[in-house]
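K.L.:
Starting off with a structure, shown below.
The values are calculated or read from the model by the stated rules, or taken from the named source; none is laboratory data. Small disclaimer: the values here were computed from a predicted structure and weren't measured. As a convention, Cβ positions derive from the backbone with ideal geometry for all residues, glycine included, and neighbour counts pool all protein chains shown. Surface accessibility is based on the protein's heavy atoms, side chains included, excluding ligands, DNA and RNA. Shrake-Rupley method; radii C 1.70, N 1.55, O 1.52, S 1.80 Å.
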Amino acid sequence: MTHAPAGTEETTAARGRRAAPTVLKFGGAGLRDGAAIRHAASLVASHPGPRLAVASALEGVTDLLLAAQDKVRGHDAQVLPTLEALRRRHLTALQHCAPGDDAATYAIESGLQRLERLLYGIAYTEERTERLHDLVQSFGERLAAPLLAAAVRAQGVPAVAIDAEHAGLRTLGPYGDARVDLEAVRREAGPVLRAMLDTGQVPVVTGYYGVDTAGNATLFGRGGSDFVAAVLAHAVEAQAVELWKDVAGFLTADPRLVPTARWLPELGYDEAAELALNGAKVLHARCVEPVQAAAIPIRVRSLAEPQREGTVIRDGVPDAPRGVRSLTHRAPVALVRIAGAAGTAEALAPVTASLQSSGVRVLAAALGGSGLALAVASGDEAAVRHAVATAPAAARTVEVRGQRSLLGIVGRGIPASGAAAKVLETLAHAGVPVEMVAFGASQVAVNAVVPAADAPAALRALHRAFLEGAA
Ligand code: ADP
Ligand code: ASP
Ligand code: MG
């Protein structure tokens, strides 16, 4: 038997004695106002074992910052009203859940001062680089974490806000949709957070962004705080990630569009990942990856009913095909038809190469003898036109239709189940025009493009056909 160096031995032994922590993440709905923050803090404070929290921005603040970046450009008079709205919102909430907490007041005021300088920068230069964009957006979380930490302290549990920079949440860029360096996060964030936990402190970490090797804030995309929670869970070898939401858990569809959506008690990692990648907003698209490798379960839990288990996403759920599990939708997307791009591999190759180098995000595709149809992320339409125009080949025509919705009908074993025929039949019956279907590429999803205005009716009809009654 070989002996590890004494230091290592001690660390391992110490770690063995410690219970693995839980990561509790609160999104915008959980941090809507003072009352919601107090409730979130009570869930953290009453959690029995070691835990860390991840805070997203207060509800609506990320959108407010996005809008402000446009509004202040060339209009310096817009800066102070924006800051004042943020100040009022955060200080009113603080007053409600942790009155007189000087550390939080200071953190919020100094965050606002920094943000003020950045917004004046945009106002005067009329420029908005990707770097500045991501940095400004990160302030929603930088203001929220101190607030949640103060609310936890007010309930008698020591808690400290820590931003992604100090926590060591390393990314590899790019701006807007950053990748994490999981190994670096494990190396850096793991010990930092564990040291805080060891002294009995609850770390409250900012969600939504990490920092690249040059120290720049880089966003993980909308809903990125779920992802931060998963990454930190990996770094501290957590026993579970709890995502506290305004729903009972993962449901068979978005309840805002399908009121009859039902609660799913459990999902396999692959099912949840597929649903998230297909646009189920309840989970960030890449959230499963960091926890799956370490077999850490994700629990999607209800803020309104904390006594409920929520939905558990984990390994080892039966992996037999179970038919359609849940419906997703992504909107708005654009449908692009490129006539004359297919037929032969020679005709297609330059177009796909050009799309790739233009950074077009293709969400689903269908190929026929005379053309190619693509569902692309909204905002990428111009890049598609450019890509097609610059691809070295014969003249082609491009037709773009905006305001589309990409539906996902998701579950294991779908291709063999006759689901595609049933999707088309159901939508035809509901009078919803189907403009593209992608089927066969994925073992777990059928995708269909419909006009965005028809998406709610389409989802309700599909839910009735696949997920209600005896289905
Ligand atoms: P957070 O507050 O954590 O940011 P989100 O708003 O991102 O939470 O996610 C919760 C929302 O996701 C719900 O309010 C619901 O409208 C939507 N949603 C979409 N698909 C589903 C689904 N399959 N199950 C539950 N909620 C869903
Ligand atoms: N605040 C960010 C957003 O609104 C991140 C998150 O909520 O997870 O997208
Ligand atoms: Mg979210």
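K.L.:
When only residues in segment 24-48 that are aliphatic (A, V, I, L, M), within 16 Å of ligand 2 (Cβ to nearest atom) and open to solvent by 10 Å² or more (accessible area, probe 1.4 Å) count, which is farthest from the chain's Cα centre (by Cα)? Spell out the reasoning first.
P.N.:
Taking segment 24-48 as the starting set, the residues that turn out to be aliphatic (A, V, I, L, M) are 24, 29, 31, 35-37, 40-41, 43-45.
Now restrict to residues that are within 16 Å of ligand 2 (Cβ to nearest atom): 24, 29, 31, 36-37, 40.
When the remaining residues are screened for being open to solvent by 10 Å² or more (accessible area, probe 1.4 Å), the result is 29, 36.
On the way: Ala29: 14, Ala36: 21 Å.
That would be Ala36.
K.L.:
From the list Arg88, Arg73, Arg51, exactly one residue is touching a strand residue (DSSP E or B) at 6+ places or on another chain (Cβ under 6 Å) and either farther than 19 Å from Val202 by Cα or crowded, with 20+ Cβ neighbours inside 10 Å (or both). Which is it? Full working, then the answer.
P.N.:
Details: Arg88 fails: touching a strand residue (DSSP E or B) at 6+ places or on another chain (Cβ under 6 Å); Arg73 fails: touching a strand residue (DSSP E or B) at 6+ places or on another chain (Cβ under 6 Å).
When all the criteria are applied, what remains is Arg51.
K.L.:
Continuing with the same structure: Among (1) open to solvent by 20 Å² or more (accessible area, probe 1.4 Å); (2) within 14 Å of ligand 1 (Cβ to nearest atom); (3) of a type outside the set (Phe, Trp, Tyr), which single condition is Ala276 missing?
P.N.:
(1)
K.L.:
Could I ask something else about it? For segment 187-195, check the following and say yes or no: at least one residue is within 13 Å of ligand 3 (Cβ to nearest atom) and open to solvent by less than 10 Å² (accessible area, probe 1.4 Å). Break it down stepwise before answering.
P.N.:
Applying the first criterion (within 13 Å of ligand 3 (Cβ to nearest atom)) to segment 187-195 yields none.
Scanning segment 187-195 turns up no residue that is within 13 Å of ligand 3 (Cβ to nearest atom) and open to solvent by less than 10 Å² (accessible area, probe 1.4 Å).
K.L.:
Still on this model: Of these, Gly223, Gly200, which one is within 11 Å of ligand 3 (Cβ to nearest atom) and either open to solvent by 10 Å² or more (accessible area, probe 1.4 Å) or among the acidic types (Asp, Glu) (or both)?
P.N.:
Details: Gly200 fails: within 11 Å of ligand 3 (Cβ to nearest atom).
Residue meeting the stated conditions: Gly223.
K.L.:
Show me the strands (runs of 3 or more DSSP E) entirely contained within segment 345-438 in which 1 or more residues are open to solvent by 40 Å² or more (accessible area, probe 1.4 Å) and of a type in the set (Ser, Thr, Tyr). Even if it seems obvious, please write down each step before you answer.
P.N.:
On the way: elements: 362-367, 371-377, 397-410, 436-438.
The qualifying strands (runs of 3 or more DSSP E) are 397-410.
K.L.:
Going residue by residue through segment 299-313, is there one that turns out to be in a helix (DSSP H, G or I) and either within 14 Å of ligand 1 (Cβ to nearest atom) or on the phi > 0 side of the Ramachandran plot (or both)?
P.N.:
Of segment 299-313, the ones in a helix (DSSP H, G or I) are none.
No; the residues of segment 299-313 include none that is in a helix (DSSP H, G or I) and either within 14 Å of ligand 1 (Cβ to nearest atom) or on the phi > 0 side of the Ramachandran plot (or both).
K.L.:
Being farther than 20 Å from Cys287 by Cβ and among the hydrophobic types (A, V, I, L, M, F, W, C) is the filter here, so list the residues in segment 161-183 that pass it.
P.N.:
Scanning segment 161-183 gives Ala161, Ile162.
K.L.:
Out of (1) crowded, with 20+ Cβ neighbours inside 10 Å; (2) farther than 28 Å from His39 by Cβ, what's the single condition that is false for Ala294?
P.N.:
It is condition (1) that Ala294 fails.
Rundown of residues vs (1) small (Gly, Ala, Ser); (2) in a helix (DSSP H, G or I); (3) touching a Gly at 6+ places or on another chain (Cβ under 7 Å), yes/no style:
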| position | (1), (2), (3) |
| --- | --- |
| Ala57 | yes, no, yes |
| Ala68 | yes, yes, no |
| Gly74 | yes, no, no |
| Ala85 | yes, yes, no |
| Arg88 | no, yes, no |
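K.L.:
Among the residues that make up segment 135-143, is at least one of them open to solvent by less than 30 Å² (accessible area, probe 1.4 Å), touching a helix residue (DSSP H, G or I) at 6+ places or on another chain (Cβ under 8 Å), over 24 Å from Arg286 (Cα atoms) and of a type outside the set (Ser, Thr, Tyr)?
P.N.:
Yes: segment 135-143 contains one or more residues that are open to solvent by less than 30 Å² (accessible area, probe 1.4 Å), touching a helix residue (DSSP H, G or I) at 6+ places or on another chain (Cβ under 8 Å), over 24 Å from Arg286 (Cα atoms) and of a type outside the set (Ser, Thr, Tyr).
K.L.:
Are any residues in segment 28-55 part of a loop (DSSP other than H, G, I, E, B) and within 17 Å of Ile162 (Cα to Cα), and if so, which ones?
P.N.:
So the first thing to find is which residues in segment 28-55 are part of a loop (DSSP other than H, G, I, E, B), and the list is 28, 32-33, 47-50.
Hit for segment 28-55 is Pro50, nothing else.
K.L.:
Go through segment 237-253 and give me each residue that's open to solvent by less than 10 Å² (accessible area, probe 1.4 Å), β-branched (Val, Ile, Thr) and either away from ligand 2 (no atom under 16 Å from the Cβ) or within 23 Å of Ala465 (Cβ to Cβ) (or both).
P.N.:
Thr252
K.L.:
Only one residue in Thr199, Thr252 is among the polar types (S, T, N, Q) and within 16 Å of ligand 1 (Cβ to nearest atom). Which one?
P.N.:
Exactly one of Thr199, Thr252 is among the polar types (S, T, N, Q) and within 16 Å of ligand 1 (Cβ to nearest atom), namely Thr252.
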